[in-house]
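Comments concern the structure below.
Derivation of every value follows stated rules applied to the coordinates shown; laboratory data play no part. Remember, predicted model here, so these are calculated numbers, not experimental data. Using ideal geometry, Cβ is built from the backbone for each residue, glycine included, and neighbour counts are taken over all protein chains shown.
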Amino acid sequence: MSEPLLDVRDLRVYFSVFRGFVQRMLGGGDAKVHAVDGVTFSIEPREVFGLVGESGCGKTTIAKTLVGLVRPTSGEILFHGKDVTRPNKRALFRLREEIQLIYQDAHAALSPAMSVGEAVADVLRTHGLPSEDGDRVRPESEEALRDAVYSVFDDVGLRPPGFFYDKYPDQLSGGQKQRVVAARVIALRPHLIVADEPVAMLDMSIRARILEFLMDLKARYQLTYLFITHDLATAKFVCDRIAIMYLGRIVEMGPSRTIYADPKHPYTRALLQAIPIPNPERRTKKVLPRGEVPNAVWPPAGCRFHPRCPVALPTCGWEGRDFIALLEERWLSSDLASREAAAGPPDAWKANELVVRRDVARENEKGVEGLVKEIVKEAGGPMAQAVYDIRVEDAQPPDWVAGVSYGLVAALFGGALWGLIAGFGGYVFGIVAVVIGWTVAAAVRRGAERVTPGIVGLGVVLTLLGVFVGDVTGLTIALWRLGFDISIVNVLAAYPIIVAASPGQAAIAYLFGLLGAAVAARRLRREMKEVRSVVVEFRRPDPLGPKEVEDRTVECLLY
Ligand code: SF4
């Protein structure tokens with residue numbers, strides 16, 4: 001077997017989700033979109049390899065990573081056997097001569113301010129004209145360059161080339177624009193063309209013609225294609241091999257004919273069923289995936305397709321948040337929503353891997369537990385079979401953060417009070433400190449897991465700042481009244497003396513803190529006694545854990 005032209009190994013591309021400062025302090029700052037998550041495939045020379053999947057499954061991210069527009073998080077990309085995973089600037093410049101990208105939107109890919117002839121000439125001016133021996137040579141003159149562009153236009157069927165050279169993109173049809181993009185791509189004689197949905201934005205009437213044209217270019221220039229599409233019917237027409245992608249992973253891969261004749265994965269089957277058949281007599285009942293593609297920031301555990309799979313099994317990786325999704329789905333019906341209101345709302349449930357729990361008042365625990373059992377029984381199916389236990393247990397006490405936070409609130413009051421005594425600056429900072437403190441306290445009540453050491457740290461810093469500014473303001477006023485020069489140097493020089501002379505003032509602030517912590521601890525204990533947790537726990541798949549399930553891509557559990 002010949003060496004693959006392109007070898008992609010365990011490629012991962014994650015994007016950090018931007019979060020504001022406060023969101024980061026409240027937790028979840030390391031959220032990432034798992035756009036491509038462990039993708040491996042290779043492409044042989046002169047092969048057309050298709051990447052097929054729904055929008056958002058990571059196809060375009062792979063395309064952009066291959067041409068160096070996106071940096072991979074991990075994995076390896078070998079081109080002609082050479083590692084091009086993270087090329088430097090010079091290597092990237094050369095790589096782009098060999099791997100070219102055709103974009104979905106030909107209009108957006110062309111500059112509206114540049115004639116299409118100039119758009120192609122510019123590429124040749126930058127990279128040079130391809131020569132017979134594979135090198136690149138600088139064009140001798142502008143005439144030579146224009147001739148080269150004419151020749152490429154002729155190749156892609158833009159005839160007569162002189163007629164098109166000075167046209168602007170908005171003077172051309174969709175098909176002609178896609179030919180200009182193809183001209184710009186093949187002008188450099190690349191080895192691999194990454195065609196990202198090249199016909200998706202074209203009218204049905206010219207799609208087939210453009211596809212034929214791309215295949216014709218392949219035959220003429222011995223090209224290799226990575227053909228990206230969401231349409232299996234198009235992939236069938238052009239691809240030798242196909243990989244089906246779902247939520248950042250390849251779920252099935254094989255020769256096109258085999259994939260069409262004998263699809264293994266339920267997702268591939270669903271995609272095939274979605275292809276319209278232009279014959280009303282051959283209409284069959286379609287079994288399509290349920291719901292929407294899940295959020296790629298928190299992809300489902302186990303088999304990623306399990307929340308939508310029409311043939312899922314209890315062992316496919318069900319977890320706590322699937323129960324919340326069930327509640328949300330049921331409550332789209334107003335009847336069910338009013339009957340089952342006592343079990344909700346869904347955002348009152350907190351999922352943590354295989355467990356999902358909701359805190360309820362002690363007097364309601366039995367009612368909610370019974371209702372949840374009824375909901376699971378009525379829903380039935382693999383998810384219900386994967387439920388291991390539904391029970392009531394003591395509510396989880398907030399972790400140490402809760403105690404610290406309550407104490408902190410009180411300490412902040414202390415700081416604020418001292419600020420009030422000391423002067424106006426302290427008053428302002430004291431108020432800010434109290435607001436932060438109450439935010440912490442509110443977060444603790446909603447669930448201690450949202451409070452991070454960061455927010456506690458911020459509160460502490462603000463408290464100290466409040467006390468400090470209070471001190472300095474008071475001191476400044478005192479110096480002013482006594483007729484001293486109140487320069488910053490004088491105030492700061494006098495500060496340690498004042499603090500040393502009045503330890504009782506600082507002690508008052510922290511006494512309040514201790515007092516508040518004690519009161520808060522008592523209140524917390526009382527609250528905990530009144531609250532119980534209704535828990536739904538899912539079975540850990542045995543003997544297959546979620547990891548094993550997820551590894552069974554083509555050999556899905558059913559087959
Ligand atoms: S492992 Fe197979 S049966 Fe289970 S959810 Fe995934 S695709 Fe469906």
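Quick notes
- For the stretch 199-244 and the stretch 83-154, distance of Cα centres in Å: 22 Å
- Karplus 3J(HN,Hα) series, Hz, for the stretch 221-227 with 6.51 cos²θ - 1.76 cosθ + 1.60 (x for Gly, Pro): 10, 6, 7, 10, 10, 9, 9
- Backbone HN-Hα couplings from phi across the stretch 165-173 [Karplus 6.51/-1.76/1.60, Hz, Gly and Pro as x]: 3, 9, 6, 9, x, 6, 9, 10, 7
- Compactness index (Cα Rg / 2.2 N^0.38 Å), the stretch 6-262: 1.07
- Length added when fully stretched, Thr284-Glu374, from 0.36 nm per residue minus Cα-Cα: 28.9 nm
- Protection proxy ranking of 101-111, 74-84 - average other beta-carbon atoms within 10 Å, highest first: 101-111, 74-84
- Distances between placed amide hydrogens fall under 5 Å for Val194 paired with Gln100, Leu101, Ile102, Leu226, all partners being 5 or more residues away or on another chain.
- Ranked by how many other beta carbons lie within 10 Å on average, peptides 229-235, 284-290, 162-168, 200-206 from highest: 229-235, 162-168, 200-206, 284-290
- Inter-label distance, nm, simple model (7 Å from Cα along the C-beta direction), Phe484/Arg339: 7.8 nm
- When peptides 382-389, 311-318, 322-329, 363-370 are ranked by their average number of other Cβ atoms within 10 Å per residue, the highest-first order is 311-318, 322-329, 382-389, 363-370.
- Note that the stretch 320-393 carries a Kirkwood radius of 12.5 Å, evaluated over its alpha carbons pair by pair.
- Under the Karplus curve 6.51 cos²θ - 1.76 cosθ + 1.60, θ = phi - 60°, whole-Hz ³J(HN,Hα) for the stretch 301-317, x wherever Gly or Pro sits: 6, x, 6, 5, 8, 4, x, 10, 5, x, 10, 4, 10, x, 9, 8, x
- Cα gyration tensor category, rounded, prolate or oblate, for the stretch 25-152 with a/c compared to 1.5: prolate
- For Ile250, the residues whose modelled amide H falls within less than 5 Å of its own, excluding neighbours fewer than 5 places apart on the same chain, are Thr40.
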